[in-house]
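Asker: One structure, as structure tokens, below. Some questions next.
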Amino acid sequence: MAYIGNEPSVNFTSFAKQDITGDGTANYTLTYAVANANEIEVFVNNVRQEPSVAYTVSGTALSMTGNVASTDDFYVIYLGKALQTTVPPDGSVSTAKIADSAVTNAKISNSTIDLTSKVTGVLPVSNSQTNTPAFLAKMSGNQDLGSSADTKVVFDTEVYDTDGKYDHTTNYRFTPTVAGTYFLYAQVHALGGTNTQIVDMFLFIKKNGSALYVARHNPSSNYANQITLNIQVTDVANTTDYYEVFCYVNDISGTPDIDAEDATRGTLSYFGAYKLIGA
């Protein structure tokens, strides 16, 4: 016999069975509606009853000619409801045969998911992790620097501060309070006094009051009147660590400044940080 599609590799046929508890009466309800008494086999105490003689049916109504006690072993076999079970061949189940939402997370191994080729669009937050706390601050105006002295830079204007972890009014420091690895970055533009030159400049980030990372410009000759230094680093913080930005400038004469911004082109000096996910 020819087959259309894949030939089932194994077939089993069974019949639906219904166990009924007698209640001392003759009328009972079937689980499945049947057309006539010949579509079922009725057994009382494992003795098959004669259709249309020992019982009659109408839809789901089963009527016995005698009463059935609760102590009797009473059950029905549905001859008209044969059940066929099949072990499908490999590769025979298509997407259309799987009900929507039938595959749950419990049935998916994480190692089988290829995110590079399968996932598109905006990804959800990974394991509830975010790049916060995060902040960016700048200066509201220029700041005078004492020549040859470490001076904390006053970044007193917040561009954003996701969790309120940057103090822009008193200490000008970032205290994340959430343990993790952070990316910190800062830039400072130093401006020498009138007709003077900068001979040495440091930009450094302090952690808990101690210098941690530093950028330096020391030209030795051909001194400049203006210098911009920037620094980008990562650092592991606990719940109490804090970070500040300091600047050191050695000017030949006069008083150097930290220049906050260019009036036509934008911000020159800034300080920011954010938490790294998974680091």
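Asker: Does the stretch 123-149 hold any residues that are at pLDDT 90 or above and either assigned to a strand (DSSP E or B) or not hydrophobic (A, V, I, L, M, F, W, C) (or both), and which are they?
Answerer: Scanning the stretch 123-149 gives Asn131, Thr132, Pro133, Ala134, Phe135, Leu136, Ala137, Lys138, Ser140, Gly141, Asn142, Gln143.
Asker: Same structure again: Is it the case that Ser220 is on the phi > 0 side of the Ramachandran plot, in the same structural domain as Phe271 (by TED's automatic domain parsing) and of a type outside the set (Lys, Arg)?
Answerer: Yes.
Matching residues to (1) of a type in the set (Asp, Glu); (2) under 21 Å from Glu261 (Cβ atoms):
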residue: Asp167; (1), (2): yes, no
residue: Thr175; (1), (2): no, no
residue: Thr181; (1), (2): no, no
residue: Leu191; (1), (2): no, yes
residue: Met201; (1), (2): no, yes
residue: Arg216; (1), (2): no, no
residue: Asn222; (1), (2): no, no
residue: Asp241; (1), (2): yes, no
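Asker: Output the qualifying pairs, or none if there are none: Cβ atoms under 9 angstrom, residues six or more apart or on different chains, first residue in the stretch 53-64 and on the phi > 0 side of the Ramachandran plot, second residue among the small types (Gly, Ala, Ser).
Answerer: Gly59/Ala33; Gly59/Ala35
Asker: Looking at (1) in a strand (DSSP E or B); (2) surrounded by fewer than 18 Cβ atoms within 10 Å (Cβ to Cβ); (3) at pLDDT 90 or above, can you tell me which one Thr239 breaks?
Answerer: Every condition holds for Thr239 apart from (1).
Asker: Which of the residues spanning the stretch 251-266 are surrounded by fewer than 16 Cβ atoms within 10 Å (Cβ to Cβ) and in a strand (DSSP E or B)?
Answerer: Result: Asp262, Gly266.
Asker: Taking interchain pairs and intrachain pairs at least six residues apart, which have beta carbon atoms under 6 angstrom, with the first residue in the stretch 20-31 and surrounded by fewer than 11 Cβ atoms within 10 Å (Cβ to Cβ) and the second of a type in the set (A, V, I, L, M, F, W, C)?
Answerer: Gly24/Ala69
Asker: Applying the selection to the stretch 199-231, what residues are among the β-branched types (Val, Ile, Thr) and either assigned to a loop (DSSP other than H, G, I, E, B) or within 22 Å of Phe271 (Cβ to Cβ) (or both)?
Answerer: Selection gives Ile205, Val214, Ile227, Thr228, Ile231.
Asker: Going by the structure shown, is Val119 at pLDDT 75 or above and more than 24 Å from Phe174 (Cβ to Cβ)?
Answerer: In short, no.
Asker: Which of the residues spanning the stretch 128-160 are surrounded by fewer than 18 Cβ atoms within 10 Å (Cβ to Cβ), touching a strand residue (DSSP E or B) at 6+ places or on another chain (Cβ under 8 Å) and either farther than 26 Å from Tyr248 by Cα or among the basic types (Lys, Arg) (or both)?
Answerer: Correct list: Thr130, Asn131, Thr132, Lys152, Tyr160.
Asker: Can you tell me which residues in the stretch 197-232 are of a type outside the set (A, V, I, L, M, F, W, C) and loosely packed, with under 15 Cβ neighbours inside 10 Å?
Answerer: Once the filter is applied, which keeps residues that are of a type outside the set (A, V, I, L, M, F, W, C) and loosely packed, with under 15 Cβ neighbours inside 10 Å, the stretch 197-232 yields Asn208, Gly209, Ser210, Arg216, Asn218, Pro219, Ser220, Ser221, Asn222, Gln226, Asn230, Gln232.
Asker: Given Thr196, Thr170, which one is assigned to a loop (DSSP other than H, G, I, E, B) and under 17 Å from Phe246 (Cβ atoms)?
Answerer: Matching residue, one of Thr196, Thr170: Thr170.
Asker: For Val245, state whether it is assigned to a strand (DSSP E or B) and either buried (at least 17 other Cβ atoms within 10 Å of the Cβ) or in contact with a Cys (Cβ under 7 Å, 6 or more places away or on another chain) (or both).
Answerer: yes
The values are calculated or read from the model by the stated rules, or taken from the named source; none is laboratory data. All values reported here derive from a predicted model rather than from experimental measurement. As a convention, Cβ positions derive from the backbone with ideal geometry for all residues, glycine included, and neighbour counts pool all protein chains shown.
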